[in-house]
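Take a look at the structure below.
The values are calculated or read from the model by the stated rules, or taken from the named source; none is laboratory data. Please read all numbers here as calculations on a predicted model, not as lab measurements. Here the Cβ positions follow ideal geometry from the backbone for every residue, glycine too, while neighbour counts run over all protein chains shown.
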Amino acid sequence: MNKLTTVRVTIIVIALGFSLGFIVFFLVAPLRGYPLRVNEAQELLNLVLPTFSGYLATCAAFVFRKPDATDVEISPLTMFLLLATAVVFISLIVILFWVFYYASKLHAPQIPMDYATLKGFFLTILSIMTAVYALAIAYLFHTGKSA
C-alpha cells in the first residue's frame, strides 16, 4: 500500500470508528445511568453523525468513481496532522463528557453543567475535527477533474 492509500484508509477508519463510538455511546449512555435523557443523546448524535457520514460519503464517492490518472502529493506532516487532530478531538470529547458526568452525578452536583452548555462545548470541539478533516478529505479524495 502506498503512502496516499495509507492516508486515505486511515481517514476512512477514523470516520467509521468515531461513527461507531458515538452511536454506541449515545445509545447506551442514557440506559446505563449517564445524565443524558434519551432525546438529548439522540440530539447530540444527530449533530455529530452527519459530519462523519459526510466524510464517508466523500470517500465512497472517490472509491466508486471512474479512475483517472491524477494523484496528489502527500506531505510528511499529513498523517501527523490527521492523527493528532483525531487524538485531540477524542481527548476533548472524553474530557467534556467526563466533566458533564462529574458535575451532574458524582461530586459536584452543586455546580452542574446543563445540557445546553454540554451541547455548545460539543459543537465547538466538533468544529476542530471538521475544519481539518473536511479540507483533508477534499484534497486527498478529489477526482482531479475541474468542475
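For the reader, a short list of remarks on this structure follows.
- Scoring residue 31 on the criteria (1) closer than 30 Å to residue 112 by Cβ; (2) part of a helix (DSSP H, G or I); (3) in contact (Cβ under 8 Å) with a residue 24 or more places away in the chain leaves a single failure, condition (3).
- First in the range 1-21 and over 28 Å from residue 44 (Cβ atoms), second anywhere and among the charged types (D, E, K, R), Cβ under 7 Å, 6 or more apart: 4/71
- Within the range 18-43, being surrounded by 12 or more Cβ atoms within 10 Å (Cβ to Cβ) and of a type in the set (Val, Ile, Thr) holds for 23, 38.
- Filtered residues of the range 1-17 (kept if surrounded by 12 or more Cβ atoms within 10 Å (Cβ to Cβ) and of a type in the set (Val, Ile, Thr)): 6, 7, 9, 10, 11, 12, 14
- Some residue of the range 40-51 being of a type in the set (Ser, Thr, Tyr) and modelled with pLDDT of 85 or more: yes
- Meets criteria (out of contact with any His (no Cβ under 6 Å at 6 or more places or on another chain) and at pLDDT 90 or above) for residue 131: yes
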